[in-house]
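The values are calculated or read from the model by the stated rules, or taken from the named source; none is laboratory data. Keep in mind the model is a prediction, meaning the values are calculated, not measured. Positions of Cβ are generated from backbone atoms using ideal geometry, with glycine treated the same way; all protein chains shown enter the neighbour counts.
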Amino acid sequence: MDVSQYLGIFLDEAREHIQVLSDQMMTLEQEPENQDAINEIFRAAHSLKGMAGTMGYKRLQHLTHDMEDCFSDVRAGSMTVTGELMDVLFQALDAIEGYVNSIQESTDEGDNDNENIINEINRIRNAATGKGEAPAPEKQEKKAKPAPAAPAAPAGNGASDEKALYRGMKLDDSAKDVMKDAVAGGKHALGFTVYIEESCLLKAARAFLVIKALEDMGDIVATDPSTQDIEDEKFEFNFSLFTICDEELEKAKEAMLAVSEIAEVVGEEYTEAAIDTIGAGGAPKGEEAQPEAAAEPEQPKEEAEAPAAKEEAAPAVKKESAPAKQSQAAKTPAAKKPVISKTIRVDIEKLDSLMNLVSELIIAKNTIVSAADSSDTSNQALNEQVEYLESVTTNLHEAVMKVRMVPIESAVQKFPRMVRDLEKKLDKKMQLTITGEETELDRTVVDEIGDPLMHLIRNSADHGLEHPDERAASGKPEMGTIFLNAFQDGNSVVIEVGDDGKGIDVEAVRTKIVERGLASEETASQFTDKEVIDYLFDPGFSMAKKVTDISGRGVGLDVVKSNIESLGGDVSVKTKLGEGSTWIIRLPLTLAIIQALMVIIGDEKYAISLDSITTIENIPSSDLKLVQGKEVIQLRGTVIPIVRLSELLGFENTKQSDDMIVVIAKKGDSQAGLVVDELIGQQEIVIKSLGKYINNDRIISGATILGDGEVALIIDANALI
């Protein structure tokens with residue numbers, strides 16, 4: 001059996017455990033006595049260690065095991081959480097993430113043993129616990145491993161028929177003969193019933209990993225249900241098997257319990273004579289019980305050692321350990337069962353395929369609507385069915401979009417750790433506040449938005465916030481604040497990243513524009529603050545080091561802008577010298593299907609997203625005014641610049657009329673009036689990418705196929721405001 005088929009599951013779960021470790025370690029650094037954080041870290045580290053071991057990634061398993069040992073000591077009270085310890089453990093977490101990244105890229109964890117980190121962890125542990133010898137980690141490993149196996153205490157020592165379901169398995173004579181020959185040859189014949197946690201989402205995968213762990217030690221004789229049924233998940237949360245194993249009972253049990261989400265393993269060893277009792281439901285008789293009796297003192301001894309260290313610090317935990325099995329069985333599944341039926345992992349490619357099918361359905365619907373409009377209007381039945389089809393496709397589209405929507409939390413949850421590292425590296429005091437993590441965006445957007453946000457936060461930390469003494473001198477608190485706020489605004493999502501630092505010196509940027517020859521001094525003096533700041537987004541534009549107020553403010557901002565624009569969004573900045581800056585990112589909720597206003601410009605049909613439109617006005621030509629050589633109108637007390645789309649798109653203006661049709665578009669606080677020739681109406685359209693065929697200063701963001709088969713270009717109003 002090949003474990004590579006479960007590599008995707010391993011990577012997904014490993015990243016979840018890494019994120020839990022990062023979040024809880026951040027909490028623990030601030031609250032060293034937080035027992036909930038310690039327990040959550042221990043659980044995540046233990047699960048990750050078991051997964052790595054089962055998949056054969058020994059270096060990852062070893063490093064994670066050492067982290068687990070540390071938190072075992074912390075939980076037992078023999079170690080305290082210090083800044084030095086947390087720094088080393090964060091290094092270990094980075095190394096673990098490096099292993100996972102390497103596995104994702106090449107399916108191999110690499111050859112870096114990270115011995116320096118492991119040695120540092122062991123040095124701190126030995127100093128804290130008073131152990132001077134190097135074998136201390138191995139001793140701890142022995143004690144820590146059986147701890148999760150506590151629920152399986154009855155296995156191999158008077159296991160009840162109720163739990164030992166393997167005793168009732170029906171084996172044919174040939175299978176029993178194979179087991180007898182193996183025992184005669186010095187091998188171990190073992191029977192097991194494995195219980196999987198009822199909150200497990202992929203029980204077939206867990207069962208496979210258990211079987212794989214046993215196959216590494218020997219051969220599987222029989223399973224109940226069959227291996228095919230197990231692979232097809234045609235079983236409850238337990239299965240039984242018999243194996244011929246080179247290892248003893250306890251080693252085999254440990255290997256199975258190392259697989260995450262395995263709740264309990266019940267098993268025992270069979271002698272040659274006892275094999276004939278299999279299928280009768282009874283335990284081995286007479287001499288067969290002797291190996292179990294011999295094993296009896298050994299397991300309780302090891303199990304007693306694991307909780308012994310915890311007894312002094314947390315006697316309450318020991319008290320609860322007696323009914324642990326009953327309380328877990330009664331409470332845990334009941335609390336988690338509702339989640340099982342509501343959450344599944346779906347490959348993003350499958351969602352993309354589903355979205356493409358919905359897109360084609362909407363195009364077909366538009367064709368039918370177009371045909372119905374041009375046919376006999378008296379055909380009431382056809383019109384009713386067309387209206388029904390429109391309703392169904394709209395609901396289907398909304399349902400698919402909801403499936404694709406995920407909270408932006410997954411893109412921003414790594415930032416607190418990043419700011420923590422920057423704080424130490426830059427020797428500044430800073431804190432990160434995040435609001436609106438539950439705001440949802442299309443999955444494809446969330447996957448791509450992380451890097452631009454990370455750069456903006458690093459920019460604020462490095463160039464925005466002042467050093468503590470500088471902040472104190474200007475009357476600010478020494479602790480600087482970086483904030484990330486996300487919220488929905490109509491059919492868009494707005495993400496604001498900012499700081500309470502020094503802000504952008506607009507005049508210094510204006511001077512740099514002139515120095516670099518990007519504009520004459522006279523021209524630059526006429527630029528508005530917004531036009532000056534926009535130069536920061538130009539490729540290669542950055543401030544010289546001698547301009548200390550905003551040194552390096554523009555480095556990489558061109559990349560941020562291009563990444564945001566590739567997602568159909570835009571980025572702008574608000575700043576006030578001495579008070580800070582705020583970078584505002586506006587993104588569409590969806591990249592595939594939108595509601596649009598269809599218009600005619602020249603001889604062609606175009607679409608404008610309704611998300612950008614506030615009103616449509618008929619404006620007399622006499623209302624046009626000129627301000628600094630540009631056409632504007634005054635609408636309800638607001639001055640709005642005019643954009644003649646026919647001229648912008650290269651059409652000759654042949655329409656003669658005293659009135660203009662002006663589509664008022666808005667982006668944030670800015671507005672523009674887009675002049676069109678005719679209005680067609682509102683329509684649901686599917687956005688199709690044009691690739692590199694059209695590059696017109698981003699005025700055209702894509703194309704769509706209309707109901708009559710025509711292709712209409714989509715105008716990006718955000719690029720015109």
Please work out which one of (1) within 30 Å of GLU390 (Cβ to Cβ); (2) modelled with pLDDT of 90 or more; (3) not small (Gly, Ala, Ser) is the condition ILE687 fails and give its number. (2)
Enumerated strands (runs of 3 or more DSSP E) restricted to the stretch 592-631, each holding at least 1 residues that are within 26 Å of SER701 (Cα to Cα): 593-601, 604-609, 613-620
Being among the aromatic types (Phe, Trp, Tyr), within 24 Å of GLY50 (Cα to Cα) and crowded, with 22+ Cβ neighbours inside 10 Å narrows PHE239, PHE235 down to just PHE239
For the stretch 38-71, what are the residues that are buried (at least 23 other Cβ atoms within 10 Å of the Cβ), farther than 12 Å from ILE18 by Cα and of a type in the set (Gly, Ala, Ser)? GLY50, ALA52
Of the conditions (1) assigned to a helix (DSSP H, G or I); (2) in the same structural domain as GLU478 (by TED's automatic domain parsing), MET355 clears all except one; give me its number. (2)
Confirm whether PHE537 is at pLDDT below 85, hydrophobic (A, V, I, L, M, F, W, C) and under 16 Å from SER572 (Cβ atoms). yes
Is there a residue being among the hydrophobic types (A, V, I, L, M, F, W, C), outside the structural domain of VAL400 (by TED's automatic domain parsing), at pLDDT below 85 and out of contact with any Asp or Glu (no Cβ under 7 Å at 6 or more places or on another chain) anywhere in the stretch 657-676? no
Search result, residues across the stretch 564-588 that are surrounded by fewer than 18 Cβ atoms within 10 Å (Cβ to Cβ) and modelled with pLDDT under 85: GLU565, SER566
Being in a helix (DSSP H, G or I) and over 33 Å from the mean Cα position of the chain (by Cα), is that true of even one residue in the stretch 193-213? no
If you go through the stretch 380-399 one residue at a time, do you hit one that is crowded, with 17+ Cβ neighbours inside 10 Å and within 28 Å of the chain's Cα centre (by Cα)? yes
Residue, modelled with the highest pLDDT, within the stretch 158-172, restricted to residues that are surrounded by fewer than 16 Cβ atoms within 10 Å (Cβ to Cβ) and farther than 14 Å from PHE242 by Cβ: GLU162
Do you know which residues across the stretch 60-84 are among the basic types (Lys, Arg) and not in a helix (DSSP H, G or I)? none
Out of (1) more than 21 Å from the chain's Cα centre (by Cα); (2) surrounded by 19 or more Cβ atoms within 10 Å (Cβ to Cβ); (3) touching a residue at least 40 places away in the same chain (Cβ under 8 Å), the odd one out for GLY77 is which? (2)
